[in-house]
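The values are calculated or read from the model by the stated rules, or taken from the named source; none is laboratory data. Not measured: the values here are computed from a predicted model. Cβ atoms come from the backbone with ideal geometry, glycine included; neighbour counts cover every protein chain shown. Ligands, DNA and RNA are excluded from the accessible area calculation, which covers all protein heavy atoms including side chains. Shrake-Rupley method; radii C 1.70, N 1.55, O 1.52, S 1.80 Å.
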Amino acid sequence: MSFKFLRPLLLLILFLTTLTLFAQNDDDDEGEFFPLESDWSRIANLYSKGDQTFCINLGLVLPLFFVEQKEGVMDNQMKLGGMGSLGYNYFLGPHLFIGAELGGMFAPTVGKNMFYIVPIGARVGYQFIFNRFEFPLSLMVGFAPQSYTQRSYFGFFTKPTAGAYFRFNSDWSFGLNTSFWWVPQWTNKTRENTFHPGAVNIHGFFLEITLAVRYHF
């Protein structure tokens, strides 16, 4: 038998040998190729103290309603707006995390002007994990510079958030966030309505829905 007939057989043996060597690698080597554990019952151990995530969020903000302290619900003069934010999380354990967020929101009014909010704050949260799906719940508290035409306001801001993410691999996860904003404006302006004397304090409530990308490191 000439060598040219043995060449395919030798190549096949070399290929099978290579596959066998890869199959005999230990668990650490396997982790390099498959970053997520194949045993999803242990996925809760995927996070540990010191793990971090960087988040990018883009989506919509719906102005829900505004409430004046004594006159009740006011007419909503704002339309659907857009927003984006950058966030950072630091895990204290498999589920508990703290972090910070910087965002920006704009919404047109019926008068064809723009209303802007820049939320800045810290947050604390807890994340539930089920297989490749992760469900973080968090509360952000901070401040929000606001601007409308020539007027501006700097005040308190808070929002609870619920998210749902799919862990694509060890580095990336993709998901959806839903948040409820409370944006109060406490002022010293005197109410013109003499039937309800006192300062004018208005509470704004918004609904945020964003698509999110998280980078894990």
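Multiplying the residue separation of Tyr126 and Phe54 by 0.36 nm and removing their Cα-Cα distance gives an extension gain of 24.3 nm.
Taking label points 7 Å from Cα along the Cα-to-Cβ direction, Phe166 and Met74 give a separation of 4.3 nm. For the stretch 103-158, carbon and sulfur atoms together expose 69% of the accessible surface, with a 1.4 angstrom probe and every protein chain in place.
Based on protein heavy atoms only, the stretch 62-181 ends up with 53 Å² per residue of surface accessible to a 1.4 Å probe.
Between Met114 and Asn201, the FRET efficiency estimated from the beta carbon spacing at R0 = 25 angstrom works out to 0.60. Val213 sits among other residues whose Cβ lies under 15 Å from its own Cβ, and their net charge, with Lys and Arg +1 and Asp and Glu -1, is -1. Counting Lys and Arg as +1 and Asp and Glu as -1 over every other residue whose Cβ lies under 14 Å from the Cβ of Gln127, the net charge comes to +3.
Counting only Cα atoms, the stretch 39-171 measures 57, 27, 22 Å along its principal axes, largest extent leading.
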